[in-house]
Amino acid sequence: MSRPLSLGAALAALVIAIGCGKSGAPSTPAPAAPDVAPVAGKRPPITDFHAHLSLDGAERVRQIMADNGVERFINLSGGSGRHNGQAWLMAKMLADQFPGRIINFASPNWRGFGHPEWIAREAAALQAAVTQFGFAGVKIAKGLGLGHTDDRDQLVAVDDPRLDPLWAKAAELGIPVCIHVADPRAFWWPLTPQNERWDELGVHPYWAYGPIPDSVMAGFEPQAQELVRQRIPVPSWPAMLQAAERMYRRNPKTTFVAVHFGNAAEDLDYVDGLLQRNANLWIDTAARVGEFGRHPAERVRAFFDKWQDRIVFGTDIGIGSDYLMLGSNGQTEPQLPDVKPFYDAHWAYFETQARQIAHPSPIQGRWAVDAIGLAPAVLNKIYRENAAKLLDRSFLLARAAAAPPTVANAAVPPPADPTPAWAAALVAPPTATAK
Ligand SMILES: [Zn+2]
């Protein structure tokens, strides 16, 4: 039994560090750190389906796996085939040190997107990643829809049909596509200390998409201000999620894992509908326990019970030799002793009935959550069995063969977007026209 002291200490350090120099930050006291889960000993070996690993961090990876009962990491930072597959070679060298226990996912090289040869190049590269480098999936980062541009300098939409052959290639290979779309809803609200993500956005203001009042802007470092000025207009939060769903529906043979709880942990009903409408869609829990944990525990438990076959456990941990990320990053980087409390906070949330405990990534919001105490059979699926299915190529190929027909240009509902009154009172953010 580890004492929760270190989480509390880390939390306090974070609060102090982040609050420093940022006037007006909320002063809500930190919630109590959770007790260690009572089911310790019965927990199955864990697959963490959402990790960012680098070759130089191999020793730390080994220790973190041993300390936390993680049997397998899905490394979503396998990189692209740029520079003759240099990143893939390094990812393979890491995986080779952990046979069957580190599984790499590849990303496209967005350079040259829109050029007629781009798609053939990337489809071939994906095939090589799988057959020559042992990769087992695709990772699409949030740059799709928010940053990547085509050869005419236009923002590439999440549902850009020019990407369909890439999704088809993944289906043909029998591998899943983990996709990050948009960002937390509050990133679109004005950036002021009232924003519920102030702790995070106040440190990285250029992550925000909403307007930033001059008075707030003046408090940021010149370098951060420059990055803010370089922001480009992006579609609205609901428009981005709608684009993603049009893409899922147009590619029913491709199995997608919409990371970060379907990219919409704010709206449980929406994610429920999304899973209902799209049999090819799965979700992970990465870096969103704090967000879905804000819904009443009974509702979240019912959600997990209902979708127990299509949810995978993930944390968004990042591990390098001199780098650690635990769901997100604040002003102070977490240290090795912070990792166990981070995993323990997940176990406490999923396995106990504890009330008003700290969630794993306090920088993502200073509120407490009520744990959902899932049944052991459900935990088994989420912690490892579902992950094994997503890595089973014959399972995904069979699913693709039985997939319903493509729905082109589907009309899809948006998630709810109840902008808080304080935010609505400020100038609406500039948004690009949604496609
Ligand atoms: Zn991630």
Query raised in the report: Which residues' amide hydrogens lie under 5 Å from the amide hydrogen of His50, considering only partners 5 or more residues apart or on another chain, with H built in the peptide plane?
Result: Ile74, Thr315, Asp316
Query raised in the report: Most fluctuating residue of Ala244, Ala425, Ala224 in a GNM of the chain with Cα springs under 10 Å: which is it?
Result: Ala425
Query raised in the report: Between Arg152 and His115, what length comes free when the chain is fully extended (0.36 nm per residue of separation minus the Cα-Cα distance, one decimal in nm)?
Result: 12.4 nm
Query raised in the report: How big, on average over all directions, is the shadow cast by the Cα convex hull of the chain, in nm²?
Result: 19.6 nm²
Query - Relative contact order (%) - the chain, alpha-carbon pairs under 8 angstrom, separation at least six - result: 22 percent
Query raised in the report: Residue by residue, what Karplus-based ³J(HN,Hα) values in Hz, rounded to whole numbers, does region 316-332 have, using 6.51, -1.76 and 1.60 with θ = phi - 60° and x for Gly and Pro?
Result: 6, 7, x, 10, x, 5, 10, 8, 9, 9, 10, x, 6, 10, x, 6, 10
Requested in this report: Report the extension gain between Gln97 and Ser215 in nm, rounded to one decimal, defined as 0.36 nm multiplied by the number of residues separating them, less their alpha carbon distance.
Outcome: 37.4 nm
Report task. Give me the number: length gained by fully extending Asn380 to Asp56, i.e. 0.36 nm times residue separation minus the C-alpha to C-alpha distance, one decimal in nm. Result -> 113.5 nm
Query raised in the report: Relative contact order, percent, of region 192-336 when contacts are C-alpha pairs under 8 Å separated by at least 6 residues?
Result: 17 percent
Report task. Quick one: dipole size for the chain, taken about the Cα centre, charges +1 on Lys/Arg Cβ and -1 on Asp/Glu Cβ, in debye to the nearest 20. Result -> 800 debye
Report task. Using only Cα atoms, locate the centre of region 329-379 and the centre of region 160-217, then give the distance between them in Å, rounded to an integer. Result -> 22 Å
Query raised in the report: What is the distance in Å between the Cα centres of region 48-81 and region 90-156?
Result: 18 Å
Query raised in the report: From the cross-link list Lys42/Lys142; Lys169/Lys389; Lys42/Lys381; Lys142/Lys253; Lys92/Lys340; Lys139/Lys169, which pairs have alpha carbons spaced over 24 Å apart?
Result: Lys42/Lys142; Lys92/Lys340
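About the Cα centre, and with charges only on the beta carbon of Lys, Arg (+1) and Asp, Glu (-1), how big is the dipole of region 330-435? Nearest 20 debye, please.
320 debye
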Report summary line: Given the candidates Gln364, Thr149, Gly114, the one whose Cα lies deepest towards the positive end of the charge dipole of the chain, counting +1 at each Lys or Arg C-beta and -1 at each Asp or Glu C-beta, is Gly114
Query raised in the report: Long-range amide H contacts for Trp282: which residues qualify at under 5 Å (H placed 1.01 Å from N, peptide plane, sequence gap of 5 or more or a different chain)?
Result: Phe256, Val257, Ala258
**Report entry** Residue-wise HN-Hα coupling along region 187-197, computed from phi with Karplus coefficients 6.51, -1.76, 1.60 (Hz; x: Gly, Pro)
**Finding:** 5, 8, 7, x, 8, 9, x, 6, 4, 5, 9
Query raised in the report: Under a 5 Å amide H to amide H cut-off, with H placed in plane at 1.01 Å, what residues pair with Asn104 once short-range neighbours are removed?
Result: Asn75, Ala136
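Where a ≥ b ≥ c are the square roots of the eigenvalues of the C-alpha gyration tensor, would you call region 304-435 rounded, which needs a/c under 1.5, or, failing that, prolate if a/b is larger than b/c, or oblate?
Judged from the Cα gyration tensor, region 304-435 comes out oblate (a/c at least 1.5, b/c at or above a/b).
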Query raised in the report: Does region 88-206 come out rounded, prolate or oblate by the C-alpha gyration tensor, with a ≥ b ≥ c the root eigenvalues, rounded set by a/c under 1.5 and, if not, prolate when a/b is larger than b/c and oblate if not?
Result: oblate
Query - Mean residue ellipticity (222 nm) of the chain, computed from DSSP H runs ≥ 4 via -39,500 (n - 2.57), nearest 500 - result: -10500 deg cm²/dmol
Query raised in the report: Each residue of region 49-63 in turn: what ³J(HN,Hα) in whole Hz from Karplus with 6.51, -1.76, 1.60 and θ = phi - 60°, glycine and Pro shown as x?
Result: 7, 9, 9, 10, 10, 10, 3, 5, x, 3, 5, 5, 4, 4, 5
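Read-outs throughout are calculated quantities, based only on the coordinates presented, and are distinct from any laboratory measurement. Remember, it's a predicted structure, so these values are computed and weren't measured experimentally. Neighbour counts run over all protein chains shown; Cβ positions are idealised from the backbone, glycine included.
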